[in-house]
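Please read the structure below before turning to the comments.
The values are calculated or read from the model by the stated rules, or taken from the named source; none is laboratory data. These numbers were taken from a predicted model, which means no experiment stands behind them. Cβ atoms come from the backbone with ideal geometry, glycine included; neighbour counts cover every protein chain shown. Ligands, DNA and RNA are excluded from the accessible area calculation, which covers all protein heavy atoms including side chains. Shrake-Rupley method; radii C 1.70, N 1.55, O 1.52, S 1.80 Å.
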Amino acid sequence: MPHVVVRTCVAALLVAACVAPPMRAQAPVSSVPPVNAPWMNQDLSPDQRADLVQAQMTPDEEFTLVRGYLGLDEIQNPIFPRPPKVIIDAFPHSAGYIPGIPRLGIPAQLETDASLGVANGRHMRPGDQATALPASLLTASAWNPDLAYDAGAMLGREVRAKGFNVLLNGGVDLERDPRNGRNFEYAGEDPLLAGTIAGEVIRGVQDQHVISTAKHYAMNDQEIGRDWLSANIDEKSMRESDLLAFEIAIERGRPGSIMCAYNRVNGVYACENDFLLNKVLKGDWQFPGYVMSDWGADHSTVEAANNGLDQESAYIFDNADYFGAGLRKAVADGKVSEARLHDMVHRILRSMFAHGLFDYPLSRKPLDVKADGDVAQRAAEEGITLLKNDRELLPLTGKARRIAVIGANADIGVLSGGGSSQVIPIGNDPSQEVLLGGAVVVREGKARIPLDRMIYDPPSPLSAIKAESRNARVRFDDGGDIQQAARLAKASDVAVVFVQQWQAEGTDMLGLNLPGDQDALVSAVAAANPHTIVVLENGGPVVMPWLSQVGAVLEAWYPGQRGAAAIARILFGKVNPSGHLAATFPQSVDQLPRPVIPGAGLEQPPQRWAGTPNLFDVNYTEGANVGYKWFAVRKLRPLFPFGFGLSYTTFGYGNLSASPGSAPTVTFDVRNTGQRAGKAVAQVYATPPGAVARLMGWSKIDLKPGASKHVTVTLDPRLLASFDTAAHVWRVAAGDYTISLGDSATSISSTTMLHLDESTIRP
Ligand code: BGC
């Protein structure tokens, strides 16, 4: 299925940015704070310190902090003059830059993307590489908050080592559509899982003295027309779904900043949305940090400033000088109060103090490639998900003497997702890069025709499989000639077919089938060899018309820098898979709330400032029933349910009981009933009276064969409640709640009842 390429300003400008720029002298990465300045006293709170430094600032200096530059000079918007040379020289050569105030020791804010590693796809300086983590969707599939924290901490260390102090991380929009081109940057379809995993990554990042965002607030749930669509949903549903994911992520991660989204929400742009920014984020949730706009998501001065935007990012993407000359005039005219300007600046400074930007000045240093790669590998090994394993085809044993590896450039590397989060991985040798209209393919030393704009993280699965299989003869076929691939499969004991689906920011898939003739390739290989294993490298759920023909299926998503090793170690049993899906796999688009993506096919201008857009609506009539909840309401049977994942061992669940209280608890036992050590993901769901089941908590438990563990899961009452918009409270209804224990949303091994009295919780 072809991609729809939506030419947003960012996507179009990225191409221009993909030409390697001339090297410039490095500017100092941050100002040195005056040692004796009162605001350098770490015994004071971030708010007190922000007050002290702010009292010294001139109005000009305050305006400096609320408007960001794109951290590149290659891109021009005819509306704006070029920035002064002194600013251009200081650009971090990445996503964004806000100058510091050297006389007060206020450091510059040096911003980089994103959640999957330090993204450098935009600047492509020779030799500038970072450790590519697995896709966030894969990290979520590990159901392991500690691992998510470790991934975040590794990311934060690389961010600082590369000279940045603000990370545009923390994608937490829910997967409402498996075709959304950015699902791989998000953490799945459930608010508790997504909020927990994104929150832990943010916490890990910020513990390294880096500000992290959570993004894209809110309802940025499709890419097609993201600048022009209005995501329409009632408040109650939004509070119980996408906003709840943000609420949980913010509670756990305490991000210094929130990035507001491109889209409108109920008709109002997210970056000037009083309900989202002032009422919910800063009001109900008491968020003390600052709101930055996504790149080109600011649409006004007065509305944005008064409705909660604190910092305009990369103004060059916007239609006017909103927070530059525009804001100065609005403050002079009294349309934006001075108090509001002070509040904007206070919030920015407060986050800079709270997250160590003053106390830990930046200094670049080499990456610890080995240690960081190990973190990426652990994440991949825990998140890769085994979806099918007939007659214990996996793990592969020494009996397989002839192994065919087929397709998806498995002789080059593993696929990564595209867009602003694109990492140029470690091992990228610039002399082996192939640029094709902005494309880079990282190769393992031999000539190859690259696919447009797809980046493969080395090393290759082929080499990893060879390393693991020792005495077997491993042969590769690129899958281009289906019959030839089938012949190789027939002449082999086992065929491992790699298939791929490239997803990217600014684009959505239109359907759920793998692109090109890969479905036919898998069928032909499976017909030739009953021992066919499919390894998927994809950004979101796909359909598998060949599922009944193949012996095993391994969902590897975009597995990152050490993905090849992780896949091979799972295939050969060195690692027992323990990933569980963070999103439902539908059987077809007909099962989705919107079989056709709204806005698909609508002509849109290539850049914000170049034409009249076609505004349109996306009506989220499924409300809070996202993913598995939609399937439950509609009584639909998915291809694979949310929470599903197999292991090379088996687990038994029992002794389930639940106790009421202000934070009810559920206890149960898990036993490893198989022959191998492995990790169970025991999931607790609750079904409130008259509603469908919701994930309430889980535990990932590492057990030796025969071992068991008693587990307690504490339930967050908000997840049991519904949001009462009139009374402005979460309301837990009195009644009997079914508590279910299982290893997916649909495979429930035991249930019990929990009686709760009515209660309310303030948001
Ligand atoms: C993306 C953001 C990203 C920003 C800066 C935008 O296109 O939506 O996620 O952080 O660019 O690169």
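Summary of computed values
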| item | result |
| --- | --- |
| Residues with amide H under 5 Å from that of LEU554, placed H, sequence gap 5 or more | LEU387, VAL534, VAL535, LEU536 |
| Share, in percent, of DSSP beta bridges within the chain that are antiparallel, nearest 5 | 60 percent |
| Rounded Å value of the spacing that divides the Cα centres of the stretch 143-186 and the stretch 663-730 | 24 Å |
| Distant-in-sequence amide H partners of GLY697 (H built 1.01 Å from N, under 5 Å) | VAL684 |
| Helical mean residue ellipticity (222 nm; -39500 (n - 2.57) per DSSP H run of 4+; nearest 500) of the chain | -7000 deg cm²/dmol |
| J(HN,Hα) series, the stretch 129-144, from Karplus relation 6.51 cos²θ - 1.76 cosθ + 1.60, nearest Hz, glycine and proline x | 10, 8, 6, 7, 6, x, 4, 4, 4, 6, 4, 5, 5, 6, 6, 10 |
| Probe 1.4 Å, protein heavy atoms only - accessible area per residue of the chain in square angstrom | 34 Å² |
| Long-range amide H partners of TYR217 with built H, under 5 Å | MET259, CYS260, ALA261 |
| Cα pair count fraction exceeding 24 Å, expressed as % - the stretch 83-218 | 32 percent |
| Carbon/sulfur fraction of accessible area - the chain, other protein chains in place, 1.4 Å, % | 52 percent |
| Hull volume in cubic angstrom per residue (convex hull over the Cα atoms of the stretch 649-761) | 85 Å³ |
| Longest exposed-site-free window of the chain, the sites being trypsin sites (Lys or Arg not before Pro) in a DSSP loop that have at most 16 other C-beta atoms within 10 Å | 25-334 |
| Extended-chain gain in nm, criterion 0.36 nm per residue less alpha-carbon gap, VAL633 and ASP343 | 100.0 nm |
| Angle in degrees between helix 145-161 and the longest Cα principal axis of the chain, rounded to the nearest 10 | 50 degrees |
| Pairwise centroid distance, computed over Cα atoms, of the stretch 476-523 with the stretch 268-325, Å | 44 Å |
| Taking only Cα atoms of the stretch 44-354, radius of gyration then Dmax in Å | 18.1, 53 |
| D (Stokes-Einstein, µm²/s), Kirkwood Cα radius, the chain, 1.002 mPa s at 20 °C | 81 µm²/s |
| Pairwise label distance in nanometres, LYS574 with ASP724, each label 7 Å out on the Cα-Cβ vector | 5.7 nm |
| Computed FRET value (nearest 0.05) for ASN41 with ALA707, which takes r as the C-beta separation and R₀ as 56 Å | 0.65 |
| Angle in degrees between helix 369-383 and the longest Cα principal axis of the chain, rounded to the nearest 10 | 60 degrees |
| Set LYS388/LYS700; LYS490/LYS679; LYS162/LYS329 screened for pairs whose C-alpha atoms are more than 32 Å apart | LYS490/LYS679; LYS162/LYS329 |
| Part-to-part distance (alpha-carbon centres) for the stretch 743-763 and the stretch 344-416, which is given in Å | 34 Å |
| PHE616/TYR360 FRET efficiency (R0 41 Å; Cβ-Cβ; nearest 0.05) | 0.35 |
| The chain: angle of helix 518-528 to the longest principal axis, Cα-based, in degrees nearest 10 | 20 degrees |
| Within the stretch 44-354, percent of DSSP bridges classed antiparallel, to nearest 5 | 30 percent |
| Cleavage-rule hits, chymotrypsin sites (Phe, Trp or Tyr not before Pro), the stretch 193-272, DSSP coil, Cβ neighbours within 10 Å at most 13 | none |
| Largest-first ordering by accessible area, 1.4 Å probe, given options ILE233, ILE79 | ILE79, ILE233 |
| If the convex hull is drawn through the Cα atoms of the stretch 384-571, its volume per residue in Å³ | 110 Å³ |
